[in-house]
Ligand code: GCU
């Protein structure tokens, strides 16, 4: 009620509701005050290419549209160079070569895709080393203006690495592997979709952050992408993205010559296989002359590859490299190769060792146009990992880092986690090769970002998650950039120049990764999501005792992977000597990676705080979950500062408030599940007496039940007292009643813990003395994008809160649940919380 009143107020005052489709390229009007600075702006745009599909032409259009949005007037646009020599009030945009044909500019040292931006009063010159560079320069200029920065500048900017790609994990049927932003914008029903408007819009966003390539299909690739119709479809995607300088590539299925081509083999050295790939590649280049190349996941997680025929991984990579070489293409060959059937009983077995074990001896045997694409950490996009040591082992091979914008293990875009600070820990890590400074980013030829944009107008299913895509591109261009400054530029462009908005988003987003780490897996334990199911909610037991090798080795007395050379898996020894020595000893291993490298008793003391490991786990979970609660109040405070209605539109404000509120509830699920799990395992009490004590909760199974029956929840620690209630088989409606005779009369927050599963939309009503308190529907699957579970577990556990309820001792609290399909209106607990208590 309150919210929608506020929303109407804001809308009536003129902040236009926004759905996020334009991302950070909204070009919102600047305030009158700031526009005054723009008095000396150019009057005409000269774009030195009139071919409508060229990036320079697009740059002209973008400048025109952007300045119109920001400043409110339309500049003329011409492609005639002489217009720029006749006036001193011009934006000139083009390639260096096109401009030099007429007037020489003294621009040196730009590498491919680089640009020179010179703003001198009303004279603006944007020259690219190539067409793309000119477009990038135009976006840079517009970004400054949209942030209200009209200062003169003289910037020479070149990218840190030539390969700045995104990898989509889209399937031909339109689903997206680890997709949380709706179905694919590229594929559906086994083919490329007809309407590629969103693909073009995506290319525009990508170009604005310097991304020059896209692999459009899942690394777990379907060979039928290479049938003639689909290759025609790929050509249409390439046409849609080309004007923005984004080149299209694809993921391959190694077995395609056999499964699609009908050959008896897919052996990389077999002549028939070689010629099959050579032909296919030529067919692709006939359709897409600037086709970027191939991405290959081979011999990993059940995928076929060269090892199937006892060929080396380099043989496999070079097969494709030879096919694309004459056309100027490249091969991104993934280093994510490991055995997922490891023996957990083997103390020396370690998935983290795999990349170096598989690739070290291949250094120097890859062709020039092969880039080995390495996930940032040795396991799999966890909340904290050390950098992959493979970066230190391939001095004679080009490498790219693979980062994941999709928040697969980081809350799946239903939790706000700003990931750039995590990426920086890797990019800025000094591997000390030959005992010399060797920051990871200095060793790279490329960046690959796994992204799961979908048809959701917010692209990623969350407005805030877009900060990660923005930061990825910006860091690929220049890894020295500061993650907070990037966030702030993104915030100004995406939301508002208002300092309150800026401070609010800065404080929440910069605290978000540390908070998520705190309430999930600390001390290098990895994320502790359910790795055997949806990778979303907590299930610490799922890490161990299976072949996947994401082990924590937690038992009743001790925890952590022993990765030392002296007694463990030897992984620490894969780093160059100085780093290896640091990780070999627990005394020199940073606390936040302690359990990554060492197996220690729960009573082991951390050097940072002197706390025991177990007490740190408890404290971090309580602190992290508390921070998530604070996000809601910090965000809500924006509403009060928005009295003039100029800060932020109601549509996005409400959407973010909804997500943060959900996150706050789920952070408590995490807190209780993880702290409870290790408490149960170690039997070591929490010094502060919090874990396992919920004095204000009333367990649903202890209420008077009609139509409801108790059910055990697995993992046990994801339900309060391991038990929930569901509407009994054959019944539709259940009622759970508690008499509040244990509470003193007063004002309380009332919380109801329940489960929202896929497969139904149960209705709920809560009442006090039969007066309605709250009605809600278990329909989070319609409102959030994360992978939903069909079970009662850590993925589905959630809660609703009603704040400031007047309660009298002896009041009757009743919850009614109406089952729907597979959702049997499950309830976990109700809590009557004194104000200020979070539980
Ligand atoms: C993870 C992810 C898979 C993906 C794989 C990969 O394991 O869960 O969905 O296919 O990484 O990167 O290849």
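The values are calculated or read from the model by the stated rules, or taken from the named source; none is laboratory data. Given the structure is predicted, the values throughout are model-derived calculations rather than measurements. Because the Cβ atoms are built from the backbone with ideal geometry, glycine has one as well, and the counts that use them run over all protein chains shown.
Which residue out of 545, 518 is more than 16 Å from the ligand (Cβ to nearest atom) and crowded, with 23+ Cβ neighbours inside 10 Å?
Just a single option satisfies the conditions, and that option is 518.
Return a yes/no flag: does the stretch 501-522 have any residue that is at pLDDT below 95 and assigned to a loop (DSSP other than H, G, I, E, B).
no
Looking at the stretch 405-415, is at least one residue in contact with a strand residue (DSSP E or B) (Cβ under 9 Å, 6 or more places away or on another chain) and away from the ligand (no atom under 16 Å from the Cβ)?
Looking through the stretch 405-415, none of the residues is in contact with a strand residue (DSSP E or B) (Cβ under 9 Å, 6 or more places away or on another chain) and away from the ligand (no atom under 16 Å from the Cβ).
Every residue in the stretch 149-194 that is outside any loop (DSSP other than H, G, I, E, B) and within 30 Å of residue 111 (Cα to Cα), please.
153, 154, 155, 156, 157, 163, 164, 165, 166, 167, 168
When the stretch 595-623 is examined, which residues are found to be touching a strand residue (DSSP E or B) at 6+ places or on another chain (Cβ under 7 Å) and in a helix (DSSP H, G or I)?
595, 613
Rundown of residues vs (1) over 23 Å from residue 550 (Cα atoms); (2) within 16 Å of the ligand (Cβ to nearest atom), yes/no style:
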position	(1), (2)
304	no, yes
308	yes, no
316	yes, yes
319	yes, no
334	no, yes
349	no, no
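Please state which of the following conditions residue 617 fails to meet, knowing it meets all the rest: (1) over 30 Å from residue 393 (Cβ atoms); (2) free of Cβ contacts under 8 Å to residues at least 24 places away in the same chain; (3) buried (at least 21 other Cβ atoms within 10 Å of the Cβ).
(2)
From 207, 200, which residue is crowded, with 24+ Cβ neighbours inside 10 Å and modelled with pLDDT of 95 or more?
Result of the check over 207, 200: 207.
Can we say residue 71 is modelled with pLDDT under 95 and crowded, with 18+ Cβ neighbours inside 10 Å?
For residue 71, the condition - modelled with pLDDT under 95 and crowded, with 18+ Cβ neighbours inside 10 Å - is met.
Which one is nearest to the ligand (Cβ to nearest atom) among residues in the stretch 195-218 that are out of contact with any helix residue (DSSP H, G or I) (no Cβ under 7 Å at 6 or more places or on another chain) and either within 16 Å of residue 234 (Cα to Cα) or assigned to a strand (DSSP E or B) (or both)?
This residue is 218.
Residue 800: touching a residue at least 24 places away in the same chain (Cβ under 8 Å) and surrounded by 14 or more Cβ atoms within 10 Å (Cβ to Cβ), yes or no?
Taking the combined requirement at face value, the residue satisfies it.
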